[in-house]
Amino acid sequence: MSTPITNPLRIGLRQERVIPPQCLIIFGASGDLAHRKLIPALFELFKQRRLPSEFAILGCARRAWSDEDFRSKMTDALGNVSKESPEAWEKFCSGLFYESVDLQEQEGINNLKNRLDAIDRLKATHNNRTFYLSVSPNFYGITCRALADSGLLNDPKRSRLVIEKPFGRDYSSAQSLNKLVLNCCQESQVFRIDHYLGKETVQNILVLRFANTIFEPIWNRNYISSVQITASETVGVEERAGYYETSGALRDMVQNHLTQMLAITSMEPPGHFDPEAIRNEKAKVLQAARLANENIPSECCIRGQYNKGGTSDDPVLGYREEPGVNPKSTTETYVAMKLFIDNWRWQGVPFYIRTGKRLAKRLSEVVLTFREAPVHLFDAAGGSPTSNQLVLRIQPNEGAEFRFEVKSPGSGMRSRPVEMEFSYDESFGEPSDEGYVRLLADAMLGDPTLFTRNDEVEAAWRLYTPVLEIIEDNPALLPIYQYEARTWGPAAADALIGKDNLLWRRP
Ligand code: BG6
């Protein structure tokens, strides 16, 4: 009897689990994501001996490549990664296959089916198939339909779909896409990927909150006065202008990565550690979230775009001068927003989120600021005591720090802030896996915990609908503020948070 892929509900997150025999099919195998993230992540799993021997990767795209072409393109694209472990790479490479496929042609679908059957026989992959859609979002629907019509999604235990972001462009397109996908297969077969959920430090927020007793009792409006969630990048648009021009920071980062960090930080404890219990809580909190001022989005949302900057030795182009970008582009490369969550835990606590390209520093973090001490008994070094702050560092320097006041040495009774540190590097000494390593393994195991469910993705889009509508219908109401590259973004974003007498953290 062949081994079906089982659904490992209730299996702990960090236990090593055995990936069953299968073929991973990458649609869009000639694209950027495949060689930058997917193949390196799969190679990492291979080196960690986590892939079964009955395993194959079938790259699919329109280009007329042979298996050999695909292998040599991946070898070149991976550069040092493949050179560092030549024997392992050679072995891994022998499990790479390629099929030129046009899913809009019946002949293409027939060829794909024949090829999969042949791989099944060759590698004993037992008809278990994970289809990874790393194609342009315009092709998500067509690809699902073609796979379903050809019967390739018929067996929910043996076939599943991994769908990249962005899942839809707004609330209604996400709803339509969900409908279409769920007409082709069951929700349990769908893995909507957000690579932030694959980051060790994002998962650690769950452990920190729900494996300790000291945090949960104070993780609420009675003790926390505000929350900041940041994902700032130093890179610009790179070679992705074609995609980015139609997306912008709101669709590229906010609706997915920042919203997932928001959900994990603010959700209620699940009753069990199982995928549905966790996703229920995430969906529930996102349904309770709203823009701070839904009627006047400009009061709670700032959009920016980088212009040129850097130094005379190392100048950087402005966004509108980047190759492939419209010189009059109004695409935002920066977003700052203020949100509220209308529930018992968070009522009235502002959540500020910000993300941008070409900012001063690369960093992703969640910062919880606690309420001030009710009475100031001591003189403080800076005039007034700082509020306690818990900083969860997602990257770089993965870890956490807690800021609190202590007595300054000396004869007086002055207080000053100090930090207590936890660093992943120092405590565990080994680098964490890239998000894709974890998520690819989970998808192939059939564990959906770290993937976004249909109601979550819709709730995330719905949250930003007032802003998206204004950008669509009346963009003048949400102007694009220019900011100098390599700075912390537009002054208007400082004003947004400044209205509440707060500052963005700039570590
Ligand atoms: C991707 C976005 O999802 O995340 C990119 O499309 C962005 O624009 C990237 O650069 C950031 O990911 P990370 O892991 O480097 O923070």
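Can you tell me the length gained on complete extension of the stretch T246 to N343, counting 0.36 nm per residue apart and subtracting the Cα distance?
Additional length available on full extension: 31.5 nm.
List, in order, the whole-Hz ³J(HN,Hα) value for each residue of the range 93-98 obtained from phi through the Karplus relation with A = 6.51, B = -1.76, C = 1.60 and θ = phi - 60°; use x for Gly and Pro.
Each residue's phi maps through the Karplus curve to give 4, 5, x, 9, 10, 9 Hz.
Highest mean first, how do 48-61, 200-213 rank when packing is the count of other Cβ atoms within 10 Å averaged over residues?
The most tightly packed comes first, giving 48-61, 200-213.
Please report the spacing between the Cα centers of the range 187-210 and the range 112-147 in Å, no decimals.
Each part's Cα centre sits 25 Å from the other's.
List every residue whose amide H lies under 5 Å from the amide H of V349, counting only residues 5 or more places away in sequence or on a different chain, with H placed 1.01 Å from N in the peptide plane.
I341
May I ask you to evaluate 6.51 cos²θ - 1.76 cosθ + 1.60, the Karplus curve with θ = phi - 60°, for each residue of the range 150-165 and list the ³J(HN,Hα) values in order in whole Hz, giving x for glycine and proline?
Going residue by residue, I get 8, x, 6, 10, 4, 9, x, 7, 10, 9, 8, 10, 9, 10, 6, 7 Hz, with x marking Gly and Pro.
Normalised radius of gyration for the range 305-352, please: alpha carbon Rg relative to 2.2 N^0.38 Å, two decimal places.
Normalised by 2.2 N^0.38 Å, the Cα Rg of the range 305-352 equals 1.87.
In what order do T259, T331, T465 fall by count of nearby beta-carbon atoms within 10 Å, going from fewest to most?
T465, T331, T259
Which ³J(HN,Hα) values in Hz, rounded to whole numbers, follow from the phi angles of the range 279-292 under the Karplus curve 6.51 cos²θ - 1.76 cosθ + 1.60, where θ = phi - 60° and Gly and Pro get x?
5, 4, 5, 5, 4, 4, 6, 5, 5, 8, 7, 8, 5, 4
Pop a pseudo-label 7 angstrom from the Cα along the beta-carbon direction at both D494 and S53 and give the gap in nm to one decimal.
6.3 nm
Tell me, what are the semi-axes, in whole angstrom and largest first, of the equivalent ellipsoid of the range 142-202 as set by the roots of 5 times the Cα gyration tensor eigenvalues?
The answer is 22, 16, 8 Å, longest axis first.
For the range 362-466, what class follows from the C-alpha gyration tensor (a ≥ b ≥ c being the square roots of its eigenvalues): rounded when a/c is under 1.5, otherwise prolate if a/b is larger than b/c, else oblate?
oblate
Tell me the Kirkwood hydrodynamic radius of the range 129-277 in angstroms, computed as one over the mean inverse distance between distinct C-alpha pairs.
This gives a value of 17.8 Å.
Relative contact order, percent, of the chain when contacts are C-alpha pairs under 8 Å separated by at least 6 residues?
18 percent
Express in % the proportion of alpha carbon pairs of the chain at distances exceeding 33 Å.
The calculated P(r) of the chain puts 43 percent of pairs beyond 33 Å.
Going by amide H atoms built from the backbone, whose H comes under 5 Å of the H on Y483, apart from near neighbours?
When sequence neighbours closer than 5 places are left aside, the close amide H contacts are Q305, Y306, N307.
Could you sort 69-79, 493-503 so that the peptide with the highest average Cβ count within 10 Å comes first and the rest follow in order?
69-79, 493-503
Under the rule of at least 5 residues apart or a separate chain, name every residue whose amide H is placed under 5 Å from the amide H of F131.
Excluding prolines and chain starts, which carry no amide H, the hits are I25, R160, L161, V162.
With the Cα gyration tensor of the range 278-341 in hand, give its eigenvalues times 5 under a square root as the equivalent ellipsoid semi-axes, listed largest first in whole angstrom.
35, 15, 12
Rank the residues V406, V437 as a footprinting-exposure proxy: fewest other Cβ atoms within 10 Å of their Cβ go first.
V406, V437
Hey, with R₀ at 35 Å, roughly what FRET efficiency would K83 and F215 work out to, going by the Cβ-Cβ distance, to 0.05?
0.20
Each value in this text was obtained by applying a stated rule to the coordinates, not by laboratory testing. Only a predicted model underlies this, so the values are computations on that prediction, with no experimental measurement involved. Virtual Cβ from ideal backbone geometry, glycine too; neighbours counted across all protein chains shown.
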